[in-house]
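Before any comments, here is the structure.
Derivation of every value follows stated rules applied to the coordinates shown; laboratory data play no part. Here the structure is a predicted model, which means the values were calculated and not measured. When we count neighbours, we look across all protein chains shown, and the Cβ atoms used for this are built from the backbone with ideal geometry, even at glycine.
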Amino acid sequence: MFSVHVSIYGLVQGVGYRRWLKMNCDKNNLFGWTRNSSDGSVECFFQGDKEKINTFLILCWEGPENSEVEDILEKEGKKEETLNSFEIL
């Protein structure tokens, strides 16, 4: 099990980015959460298969139709044993 904490910058709030994340995480059996940050970014925590997460992070550069991702910062996260879904906070 692999965990990563991610901040996604650009035009990512108000364009359905968190809903898009949830839909794709549910499809890929990734667990975690996402929320809007006060600096205009979207913050996420993903947990699951390392290959699936790495592939998904590449997809995050595209995001939903109206988003414009400028940067994605990621760092390895601490595994959370209690996660069994992906939630929008």
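With respect to the conditions (1) under 14 Å from Glu80 (Cβ atoms); (2) crowded, with 16+ Cβ neighbours inside 10 Å; (3) among the aliphatic types (A, V, I, L, M); (4) more than 12 Å from the chain's Cα centre (by Cα), Val4 lacks only one, and its number is (4). Can you tell me which of Lys50, Lys27 is within 20 Å of Thr82 (Cα to Cα), among the basic types (Lys, Arg) and without any contact (Cβ under 8 Å) to a residue 12 or more places away in the chain? That would be Lys27, the only listed residue that is within 20 Å of Thr82 (Cα to Cα), among the basic types (Lys, Arg) and without any contact (Cβ under 8 Å) to a residue 12 or more places away in the chain.
Of all residues in segment 19-43, those that are over 19 Å from Glu65 (Cα atoms) and crowded, with 21+ Cβ neighbours inside 10 Å total 2.
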